[in-house]
1. Mind telling me which of the residues D35, D48 ends up being surrounded by 10 or more Cβ atoms within 10 Å (Cβ to Cβ), out of contact with any helix residue (DSSP H, G or I) (no Cβ under 9 Å at 6 or more places or on another chain) and modelled with pLDDT of 90 or more?
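The values are calculated or read from the model by the stated rules, or taken from the named source; none is laboratory data. Computed from a predicted model, the values in this text were never measured in an experiment. As a convention, Cβ positions derive from the backbone with ideal geometry for all residues, glycine included, and neighbour counts pool all protein chains shown.
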Amino acid sequence: METLKESEVVRPQIAEKLAEEALRGEVEAVVAFHDGDIRAAITTLLLDCRHLRLQLALAETGMNCGMTRRWTPTVERA
């Protein structure tokens, strides 16, 4: 059985840690923008998601499937 080198194990952990730190900074920026009101921050983000889903739905209906070899975008329903 082949053993993993230390660098192969550490690199993904470092990348994951950096991603978490970047995301934490973004979350703090959003909350700070709303003067510490977490409910307002969540509401704004949910409204942004709703707007983007609507834009994707509009793009889906407006695209010609012929120009993309019968591929059409779909809205993920969650």
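1. Details: D35 fails: surrounded by 10 or more Cβ atoms within 10 Å (Cβ to Cβ).
Step by step, each of D35, D48 is checked, and only D48 is surrounded by 10 or more Cβ atoms within 10 Å (Cβ to Cβ), out of contact with any helix residue (DSSP H, G or I) (no Cβ under 9 Å at 6 or more places or on another chain) and modelled with pLDDT of 90 or more.
Conditions tested, residue by residue: (1) surrounded by 10 or more Cβ atoms within 10 Å (Cβ to Cβ); (2) touching a Leu at 6+ places or on another chain (Cβ under 8 Å); (3) modelled with pLDDT of 85 or more.
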position	(1), (2), (3)
Q13	no, no, no
A19	yes, no, no
V31	yes, no, yes
G66	no, no, no
